[in-house]
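Colleague: I'd like to ask you about the structure that follows.
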Ligand code: SF4
């Protein structure tokens, strides 16, 4: 099942493609339910998870308030440990830096661990154009790469693939039939990727956190592939969003306690890798060159605005797992990179509301995302602000006029009472005439199959309450 969504079309069209895919809803909803249950169980092992979430939000806000200072300190300490730092203003600068590095070091093969920011900047396509084979080594990303897909979830990028899909993809890759056996399929991927790890000249990773006081990066994984990407090839480059910096090791302990539990329901992931610059002369392994690319790409536009809390995000994916829209459509209906509630917030903010503003409407505003966010991002409030901006910019004059009339009509008690009586009567007449469907094209979208127009009571609620003395 490869991603054939047309990203030049709107969310509605992409969602329709997803909803029409047999089995997709079951795959996605089973996976997100499993992850949500694991998260809840893992949080129970903390003494006071709510207090820890408050602390995590404070830590992230503090880092954002002192972002220049934190980044300067991270860069200085990383360079003092023999690494190199590059600040990329946009995706183009970040891609060019890595491409130049590949050219200078004569890289033919690059091994990559899962990194949403490298997806965001479209790194693989550039490397491939240059003739560098960029291999994804996270199992989910590897499956997506073989399928020609984008990630459909921040943490579990291949949740839209069944075991049968993976068996078919790996059979094609190896020219041999493969059974639908998870262990055997994983074994095949491990053997295939081992050769790549050993021959790659360049290792590329993301970074979950940069720790400024130590000039170090922290990368969490469950497969050990990130550790191999950063230690086996002679040259390593980490690409990190500029907001992912924190101050101290103590702060890292707080963030890890919440990230692992919120993302995968684990107290800690199988691997927590910490690195600090290039290999020292007395160390047995590690890269000869270690580069850190710190990417802005629109993030600094959010600083000091009412959206700045979106930069607290630690990409745990918990908001995706509880979102009623995501569980219906999966991630591809949103955007090729960032999906779910956080994607609906940051895509419009980073790309502009004219290009991605409608994603703010891909939400029921139920608040489930806000309720689970470990760093307390008020996601549903941010979605409302974005809707306001999107409406201001793109609502047609007729719609604006309609809402103005509506606002004036309902701002007066007597007029509101009259409208609710007329609305109630209209609803009863329409219900009598057309059953559960409304007629006009605009109205009929709200009552098409799968959505039922409720039957209207004999009296408007207001009149009912008056009659009851309420
Ligand atoms: S917005 Fe919150 S819940 Fe969603 S991915 Fe980011 S940190 Fe996790």
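The values are calculated or read from the model by the stated rules, or taken from the named source; none is laboratory data. None of these values were measured; they are calculated from a predicted model. Here the Cβ is made from the backbone with ideal geometry for all residues, glycine too, and neighbour counts use every protein chain on show.
Colleague: Provide a single number: the residues in the stretch 312-337 that are near the ligand (Cβ under 10 Å from one of its atoms) and either modelled with pLDDT under 95 or over 20 Å from residue 27 (Cβ atoms) (or both).
Modeller: Final tally of qualifying residues: 5.
Colleague: Now a separate question. Can you report the number of residues in the stretch 118-132 which are at negative phi and in contact with a helix residue (DSSP H, G or I) (Cβ under 8 Å, 6 or more places away or on another chain)?
Modeller: Initially, the stretch 118-132 is screened for residues at negative phi, giving 118-121, 123-130, 132.
Next, from what is left, pick out any that are in contact with a helix residue (DSSP H, G or I) (Cβ under 8 Å, 6 or more places away or on another chain): 118, 120-121, 123-124, 126-127, 130, 132.
Total meeting the criteria: 9.
Colleague: Right, next: Considering only the stretch 349-365, I want to know if a residue exists there that is within 25 Å of residue 55 (Cβ to Cβ), buried (at least 22 other Cβ atoms within 10 Å of the Cβ) and within 14 Å of the ligand (Cβ to nearest atom).
Modeller: Scanning the stretch 349-365, I find no residue that is within 25 Å of residue 55 (Cβ to Cβ), buried (at least 22 other Cβ atoms within 10 Å of the Cβ) and within 14 Å of the ligand (Cβ to nearest atom), so the answer is no.
Colleague: Let me ask you something else. What are the residues in the stretch 366-388 that are more than 28 Å from residue 40 (Cα to Cα) and surrounded by 15 or more Cβ atoms within 10 Å (Cβ to Cβ), if any?
Modeller: 385, 386, 387
Colleague: What helices (runs of 4 or more DSSP H) completely inside the stretch 90-175 contain at least 3 residues that are closer than 23 Å to residue 315 by Cβ? Write out each step before concluding.
Modeller: Details: elements: 91-104, 116-120, 123-129, 139-147, 163-174.
So the answer is 91-104, 116-120, 123-129, 139-147.
Colleague: On the basis of being outside the structural domain of residue 251 (by TED's automatic domain parsing), under 21 Å from residue 116 (Cβ atoms) and surrounded by 15 or more Cβ atoms within 10 Å (Cβ to Cβ), does residue 340 make the cut? Before the answer, list the steps.
Modeller: Numbers: outside the structural domain of residue 251 (by TED's automatic domain parsing): yes; under 21 Å from residue 116 (Cβ atoms): yes; surrounded by 15 or more Cβ atoms within 10 Å (Cβ to Cβ): yes.
The answer is yes for residue 340.
Colleague: Can you tell me which of 216, 257 is surrounded by fewer than 24 Cβ atoms within 10 Å (Cβ to Cβ) and more than 16 Å from the ligand (Cβ to nearest atom)?
Modeller: Going through 216, 257 in turn, just one is surrounded by fewer than 24 Cβ atoms within 10 Å (Cβ to Cβ) and more than 16 Å from the ligand (Cβ to nearest atom): 216.
Colleague: Is there a residue being crowded, with 18+ Cβ neighbours inside 10 Å, in the same structural domain as residue 38 (by TED's automatic domain parsing) and within 25 Å of the chain's Cα centre (by Cα) anywhere in the stretch 76-85?
Modeller: No, that holds for no residue.
Colleague: Okay, moving on. For the stretch 366-393, give me each residue that is within 12 Å of the ligand (Cβ to nearest atom) and out of contact with any helix residue (DSSP H, G or I) (no Cβ under 7 Å at 6 or more places or on another chain).
Modeller: Going through the stretch 366-393, the residues within 12 Å of the ligand (Cβ to nearest atom) turn out to be 368-380, 382-383.
Scanning the stretch 366-393 gives a single hit, 371.
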